[in-house]
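**Student:** Mind looking over this structure? Questions follow.
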Amino acid sequence: MRSVPAAALLLCAVPQTAVAAPRVVADTSRVVLGETDAVVLRVIAGGTLSASVSSGSIAEAARRGDQHTFRWTPPPLRFPATALLAFWESDAATPDVTVFTLPLWGRTTLDMDTEPGADVRVQVGESTFGPVKANAKGRVRVPIEVPPGVRTAKVIAVAKGQQTSRTVPLDVPRTTPFVVAVGPDPLPGGGGWLAVLSTGEVSARTFTARAVGARLSELDRDDRRATWTLTPTGSAGSPIEVTIDGPGLERRVLSLAVGERVNSPPAESQVPIVPHALLGGFFAGGANTGFAAEVGAEVRPAAVPSWLSVGLDVGVRSASLRTSLNGLGSVHSSVLAFPIGPFARARLYAKAPFAIDLRAGLAALPFRHSFTAAFEQPWVEGGVGLEAAAGPEVLYRLGPMELALDVRGAWTVARTAHLVAHPGGLLLTAGARYVGR
Amino acid sequence: MRCLCAALLLLLATACGDELPPPQIRSITPAETEHGSAPLVRLEVDAIFPFSVDYGAEATSVDSEVIVRIGGFPIAATALLPDGAITGQVPYSLPPGAYDVALELGDGRSALLPHGFTVKPGAFPESFSFDPIADQRRNRPFTITLHAVGGQAAQFKGVVQLDSSRGRIAPEQSDPFVAGELTQMVTIFDGPGDVTITARDAEGHEGTSNTFRLTN
């Protein structure tokens, strides 16, 4: 069993400085690298917003009144770290910046030698993983998740009634995240301000800033932030280069120009599309049994929570019925139906590499019915039926794919003046989704 | 996705609505006969018979009942054959002339073949004679022999109506005469007693058998 400390569903960020700074709310408090695709943040601020991040990327997805919606995409890292997200009103004359901190959990597997058959648990911070039983040679592999700031794990092994424990180091690179903000954005010819903000692990008092094309004058410093006035020395459009450095910092060079925006996050132009394909069958009693397949694609609009996505499915179902008529031989009926319609997917459970989603959808059901007998011409008719379906989908992450086992209950009807068929009922299909990364 | 939708639309475009089309009579064989005959005719038709399919009950039903009329007269013993043809017997009493052939399915859909069947004038005798009939057991089949007499007796190949003076005789319509003669198996359903059989052709020429006795 693994225990995870209770986490608040929503994380709120408090402005680090003045009251005019934006307020930020995120839809999750836990980011697991390699598992979390994105984090949606709602930022309350009256005017145009600027944003910058210490890692990953950010895009503004929507704005309604004073509510801005941003989508932050994690960096392609796997080791635990901290991401800092800075938001400020673009025309702020003073460095009123809200910094939002996102802990990024890393995932790894500890390979260890212990007593053969021992039950092994690993304690990482306040979380415990396992137990996992060691094999006959004493080898054991325990998957763990590591929050930022934790550099050791406690391994507890129980064998033959005896418990042993030891502390093992975790190979986590040291990083000092910081984020840079410049305002007003765009920088006016009369100058503005520069702020460098950090977690405080390495004091911001040690940060240095140099500028080419502008003059810097220190405003304020504490352990978490350092601010300067930034006064251009050239005319409009002249390039300015600011270099941030310090002990333990990865040097960062910021290029900007008077009159040009630098911290404006791009509007989200592309919503990732997740395609899927499923094959299987349906069972609804009698001859309502046959082949089922579907392809579809879904998106997760920024305006909806990250656990929810919506999409469109196109499927095919087939069923047939052969019966014998007294003195007239056999007759054959076949139904080919094409459910097409929207669906919604909600992630109910996720523990890598497994996840369980709930899918629900409505579909129009164009269908084709053919009826053939030796004593008459073949007859083909068509119509449009309906389907409403819902059910769980079990997923297993494999690289950029998720293998899917989908079980759905479907109320489905295909009816004409001569036909009553239900090409739905219990739908059992398997396939894959391409989720990328 | 666009290709898939196009294929779907194409597939559906080939499907009809759910209203069944009217039937059509392609041919009737034979298309003519002689007055007084009652040939078995065969209609070749294009028809979708009324049907229903229930996948849940795994049941299919087809209403194969049909009515065929020639000149407004229903033909007897119509039946749908496994190859889709419809057979029936033309009424022997149809006078000479050209007649429309009509087909009606169980759900009321119908077809018409204008002037599809012709009845030509036939050869008739003046009367009929029976070979003597011995006493017979009631409700048991026995054989009678008829002869066309006078007129065009030797060319007569029509059928005659059979009647018994008591009870019911089967069949009521004979097989066709061959060169003016007919040997026919009949059964009379009645109690014991004396009885005669009368034969009458389409133009009213008739003949009556001797009186014979039905016994138990």
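**Student:** Say a paramagnetic label sat at a point 7 Å from the Cα of residue B:135, along Cα to Cβ; which residues of region B:187-216 have their backbone N under 14 Å from it?
**Tutor:** The answer is B:192-195, B:211-216.
**Student:** Now for a separate question. Would you work out the relative contact order for chain B, in percent, from Cα pairs under 8 angstrom that are 6 or more residues apart?
**Tutor:** The normalised contact order for chain B reaches 18 percent.
**Student:** Residue A:109 label point, 7 Å along Cα→Cβ, cut-off 15 Å on backbone N: hits in region A:129-167?
**Tutor:** A:130, A:132-135, A:139-145
**Student:** Enumerate the calculated ³J(HN,Hα) couplings along region A:99-104 in order (Karplus 6.51 cos²θ - 1.76 cosθ + 1.60, θ = phi - 60°), each rounded to whole Hz, writing x wherever the residue is Gly or Pro.
**Tutor:** With the stated coefficients, region A:99-104 comes to 10, 9, 9, 10, x, 10 Hz.
**Student:** Within 13 Å, Cβ to Cβ, of residue A:199, how many net charges do the neighbouring residues add up to if Lys/Arg are +1 and Asp/Glu are -1?
**Tutor:** With Lys, Arg at +1 and Asp, Glu at -1, the net is 0.
**Student:** Obtain the nm distance between the two label points defined at residue A:426 and residue B:26 by a simple spin-label model: each point lies 7 Å from its Cα along the Cα-to-C-beta direction.
**Tutor:** 4.6 nm
**Student:** Separate question: Do you know the relative contact order of region A:273-434, to the nearest whole percent, from alpha carbon pairs under 8 angstrom that are 6+ apart?
**Tutor:** Once divided by the residue count of region A:273-434, the mean separation gives 23 percent.
**Student:** Another question, if that's okay. So how tilted is helix B:2-13 from the main axis of chain B? Cα-based, degrees 0 to 90, rounded to 10.
**Tutor:** 20 degrees
**Student:** Let me ask something else about it. Excluding residues on the same chain fewer than 8 positions from residue A:133, give the lysines whose Cα lies under 28 Å from its Cα.
**Tutor:** A:154, A:160, A:351
**Student:** For region A:107-169, what relative contact order do you get, as a whole percent, if you take Cα pairs closer than 8 Å and at least 6 residues apart?
**Tutor:** Once normalised by length, the contact order is 36 percent.
**Student:** Something else now. So for the pair residue B:208, residue B:98, with labels modelled 7 Å out along Cα→Cβ, what separation do we get in nm?
**Tutor:** Computed distance between label sites residue B:208 and residue B:98 equals 4.3 nm.
**Student:** Based on the Cβ-Cβ distance of residue A:241 and residue A:25, what FRET efficiency does E = 1/(1 + (r/R0)^6) give at R0 = 30 Å, to the nearest 0.05?
**Tutor:** Once the sixth-power term is evaluated, E becomes 0.30.
**Student:** Here's another thing I want to ask about it. Evaluate E = 1/(1 + (r/R0)^6) for residue A:171 and residue A:277, where r is the Cβ-Cβ distance and R0 equals 41 Å; express this FRET efficiency to the nearest 0.05. Mind showing how you got there, number by number?
**Tutor:** Values: r = 39 Å, r/R0 = 0.95.
That gives a FRET efficiency of 0.60.
**Student:** Can you list the residues, at least 5 places off or on another chain, whose amide H is less than 5 Å from the amide H of residue A:426, using H built in the peptide plane?
**Tutor:** Those lying under 5 Å, H to H, from residue A:426 are A:283, A:284, A:410.
**Student:** So how much accessible surface do B and A hide from each other in total, probe 1.4 Å, in square angstrom to the nearest 100?
**Tutor:** 3000 Å²
**Student:** Can you give the FRET efficiency for residue A:360 and residue B:115, using 1/(1 + (r/R0)^6), R0 = 56 Å, r = Cβ-Cβ distance, to the nearest 0.05?
**Tutor:** 0.30
**Student:** Let me ask something additional. Please compute, for peptide B:39-48, the average count of beta-carbon atoms on other protein chains lying within 10 Å of each residue's beta-carbon. Don't skip to the answer; put the middle values down first.
**Tutor:** Working: counts 0, 0, 0, 0, 0, 0, 3, 2, 3, 8.
Mean shielding by partner chains, rounded to a whole number: 2.
**Student:** Charges at C-beta only: +1 for Lys and Arg, -1 for Asp and Glu. How large is the resulting dipole of the protein assembly as shown about its Cα centre, in Debye rounded to 20? Provide the component values of the computation, followed by the final result.
**Tutor:** On the way: 55 positive and 62 negative charges, 777 e Å.
Around 3740 debye, computed over the protein assembly as shown.
**Student:** Compare the Cα positions of A:140, A:369, A:291 along the charge dipole of chain A (+1 at Cβ of Lys, Arg; -1 at Cβ of Asp, Glu; about the Cα centre) and return the one farthest towards the positive end.
**Tutor:** So the residue we want is A:140.
**Student:** Related question: Which aspartates and glutamates have a Cα lying under 12 Å from the Cα of residue B:120, excluding residues fewer than 8 positions away in the same chain?
**Tutor:** In chain and number order, the partners are B:32, B:34.
**Student:** Starting from the Cα-Cα distance between residue A:330 and residue A:308, subtract it from 0.36 nm times their residue separation and give me the gain in nm to one decimal.
**Tutor:** Numbers: separation 22, 0.36 × 22 = 7.92 nm, distance 4.98 nm.
Answer, rounded to one decimal: 2.9 nm.
The values are calculated or read from the model by the stated rules, or taken from the named source; none is laboratory data. Small disclaimer: the values here were computed from a predicted structure and weren't measured. All Cβ positions, glycine included, derive from the backbone under ideal geometry; neighbour counts span all protein chains shown. These accessible areas exclude ligands, DNA and RNA; they are computed on the full protein's heavy atoms, side chains included. Shrake-Rupley method; radii C 1.70, N 1.55, O 1.52, S 1.80 Å.
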